[in-house]
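One structure is given here, and the rest of the page talks about it.
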Amino acid sequence: MWHRIECSFQPDIDAEPHRATDRLLLSRQGFLRAALAFAAAPLLKAIPACFATPVGASLAVDEIGPGVFVHQGRYEVQSPENRGDMANAGFIVGTDAVAVIDTLGSTQVGRDLRDAIRTVTSKPIRYVINTHMHPDHVFGNAAFKEDSPAFVANHKLARGLGSRAERYLAINKQMLGPEAFEGIEIVFPTVPVDGTLSLDLGGRTLLLETQRTAHTDNDLTVTDSATNTLFLGDLLFSVHVPTLDGSIKGWLALIDDLKQRKVARVVPGHGPRAMQLPGALEPEQRYLATIAADVRKLIKEGKTIEDAAKTAGFEERDAGKLFDQYHVRNVTAAFAELEWE
Ligand SMILES: [Zn+2]
């Protein structure tokens, strides 16, 4: 099945880093076809504005600001069909080097992401940044080993990922199936961050900041100086229901802080490619605050965690996709935290 897509193939984007590119749908095959089409262009007396690519073997990326590219993942749990493509990932191109922000949920989609980068730029991939430990953000890391980048993450990521590695691998092997699981390995950070770290890509710097325990205990945000774009990782869920694996109190407090940030745009870990503050954080804030209020009330009434799992926060049923998959887990995590207040 072949699809013509809306794009304009630019063989040398580096020459004009500030030129907005249209949507690119990329794959190994697509790249080869595009390269052949480009080589043949003089014969055809025209550079083709577009090339066809098979759906299912391609990874779409959009340039949301000059040199800032985002791939939007699906609102799904991992499956053989999506091969772990269910989170957002990005890359930022400087005059000297490229930084990748999250690598998706398998080595195979990680390779597709790498192919997408290579179609935009041939500059060295110097940094692979992980926003937190969850498999849908880090299981594509191995696809970048050939670039010998620095793998950069919150200093607490290694401990969290290390203690969960066996479980993460088992669950993903089962859910992805043997084909999509092929090649997945745990790649730990080589550059741990505690506090802040600046990375120079040439012509732009990235400010990395570790955050208090919120979505997890190892969240890290990235701000691009050139475009004032803030990558929030899973500190921001949109459309997809938030998932709690850290601290509901910490997350709500952090949301209050993050809403004050003056940035051009934010990139969620799950949701649209780019959003605006403070509105982007408000549905998530309401969802988490509702759970916290309901759970506190039930604890006060002497109710159990089982009672809470049946009732707390269900008025937020329309808060996002995958509510049935994650909501009860969020409530039990909140209960376990809040009963010790
Ligand atoms: Zn996550």
For segment 111-232, calculate the relative contact order in percent as a whole number, restricting contacts to Cα pairs under 8 Å that are 6 or more residues apart. 24 percent
Need one number: % antiparallel among DSSP beta bridges in segment 111-244, to the nearest 5. 70 percent
Check which residues have an amide H placed less than 5 Å from residue 154's amide H, if you skip close sequence neighbours. 193
When only the heavy atoms of the protein chains count and the probe is 1.4 Å, how do 190, 213, 243 rank by accessible area, highest first? 190, 213, 243
Cα-Cα over 27 Å: which of 173/310; 173/321; 123/145; 156/259? 173/310
Just to confirm the filter: which trypsin sites (Lys or Arg not before Pro) across segment 66-149 are DSSP coil and have at most 16 other Cβ within 10 angstrom of their Cβ? 74
Could you state the accessible area per residue of segment 218-300 in Å², with a 1.4 Å probe and every protein chain left in place? 34 Å²
Just going by the charge dipole of segment 230-339, with Lys and Arg at +1 and Asp and Glu at -1 on Cβ, which of 298, 320, 277 is farthest out on the positive end? 277
5 Å is the cut-off here: which amide hydrogens, built 1.01 Å from N in the peptide plane, fall below it relative to residue 61, excluding neighbours closer than 5 in sequence? 24, 26
Rounded to the nearest percent, how much of the accessible area of segment 57-119 (1.4 Å probe, protein heavy atoms only) is carbon and sulfur? 44 percent
In whole Hz, what ³J(HN,Hα) sequence does segment 102-110 give by Karplus (6.51, -1.76, 1.60; θ = phi - 60°), x for Gly and Pro? 6, 10, 6, x, 7, 4, 5, 6, x
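The values are calculated or read from the model by the stated rules, or taken from the named source; none is laboratory data. Just so it is clear, the model here is predicted, and its values are computed rather than measured. Cβ sites come from the backbone with ideal geometry, for glycine too, and all protein chains shown count toward neighbours. Each accessible area value is taken on the protein alone, full model and side chains, heavy atoms only, with ligands, DNA and RNA left out. Shrake-Rupley method; radii C 1.70, N 1.55, O 1.52, S 1.80 Å.
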